[in-house]
Amino acid sequence: MPIESTAGPQRHILCMKWGTKYGPDYVNRLYAMVRRHLSGDFNFVCLTDDSQGIRSEVQCFPIPPLDLELKPGQVDRAWKKLTTFERDLYGLRGRALFIDLDVVVVGSLDAFFEHPGEFLIIHDYARPWRRRRITGNSSVYRFELGAHPDVLAHFRENMDAVQAEYRNEQTYLSDFLYHHGKLAYWPAEWCPSFKYHGIPTWPTNYWREPFVPEGARIMVFHGECNPPDALAGRRNRRFRFIRPARWITSFWKA
């Protein structure tokens with residue numbers, strides 16, 4: 001059962017878990033990594049459709065309803081993450097840092113709450129000719145709870161049109177906040193991509209192990225493999241060899 005909302009610290013870590021792709025161990029490991037790398041008090045919240053197995057330090061709430069019906073053959077593009085922008089998200093108040101479950105925290109998180117900006121997100125790693133240059137990667141973003149309800153309201157009122165124009169929630173989110181003058185990015189070195197920045201270039205990837213780039217605070221795993229895959233030296237595309245990323249064992253643990 002979800003834990004009832006209570007008054008607490010003004011810094012919140014948000015994550016979201018739905019379906020069966022990620023088990024409660026991902027939430028539990030993320031909590032542990034945040035606890036080791038964020039000084040002072042904070043409130044850890046998981047929006048989820050199943051709170052079973054999640055450690056007691058995590059406050060669990062149901063994912064707010066989005067009333068989005070996927071059409072036959074349509075892929076879930078993480079539109080549920082837009083519900084973090086509810087005007088009143090279970091009575092929570094303060095500054096929230098949303099973090100995806102499939103990341104590894106490798107450095108201090110304190111500056112993520114201190115960096116200036118109204119809405120901060122990763123500047124997307126994809127090549128500029130493949131996506132809009134302004135697009136953010138929503139693996140890590142920060143905002144004031146309740147400050148941007150128009151993001152969600154506009155989506156709910158225009159679901160079909162938004163989905164026809166935008167590939168996923170992060171493309172829509174970036175574009176919407178950009179045109180409202182509120183989009184800003186984290187320093188590039190803080191949230192590097194494992195795929196683009198943590199794998200040695202060919203052919204050295206055959207004898208050099210994946211690594212944590214200098215200045216990294218959160219390693220983002222997207223597209224090809226998650227932390228356990230990288231630890232085992234697996235990628236989901238043939239002929240893209242990597243050695244086991246043994247550095248993960250030092251950070252990705254409960």
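Quick notes on this structure:
- For the chain, the Kirkwood estimate of hydrodynamic radius, built from reciprocal distances between every pair of different alpha carbons, is 19.0 Å.
- Extension gain from Arg35 to Arg55, taking 0.36 nm per residue of separation minus the Cα-Cα distance: 5.9 nm
- For Arg156 and Glu189, a Förster radius of 25 Å and the Cβ-Cβ distance give a FRET efficiency of 0.10, rounded to the nearest 0.05.
- Cβ crowding within 10 Å, taken as a proxy for footprinting-reagent exposure, orders Lys182, Lys21 from fewest neighbours to most as Lys21, Lys182.
- Eigenvalues of the alpha-carbon gyration tensor of the range 80-214, scaled by 5 and square-rooted, set the equivalent ellipsoid semi-axes at 29, 19, 12 angstrom, largest first.
- Efficiency of FRET between Ser108 and Trp18 - r from beta-carbon atoms, R0 41 angstrom, step 0.05: 0.90
- Net charge of Cβ neighbours under 9 Å - reference Ser139; Lys, Arg +1; Asp, Glu -1: -2
- Cut-off under 5 Å, modelled amide H: who pairs with Tyr185 long-range: Ile121
- For q = 0.13, 0.25 Å⁻¹, Debye-computed log10 I/I(0) when each Cα of the range 151-246 counts as one equal scatterer: -0.63, -1.20
- A convex hull fitted around the alpha carbon atoms of the range 194-250 yields 77 Å³ per residue.
- Counting 0.36 nm for each residue step from His180 to Trp207 and taking away their Cα separation leaves a gain of 5.0 nm.
- Number of Lys pairs (Cα under 25 Å; 8 or more positions apart or on different chains) in the chain: 18
- Inter-probe distance in nm under a simple model that places probes 7 Å from Cα toward Cβ, at Arg246 and His115: 3.1
Read the figures in this text as sums done on the coordinates, not as results from a lab. As the structure is a prediction and not an experimental result, all values here were calculated from the model. No Cβ is skipped: glycine too gets one built from the backbone with ideal geometry, and neighbour counts run over all protein chains shown.
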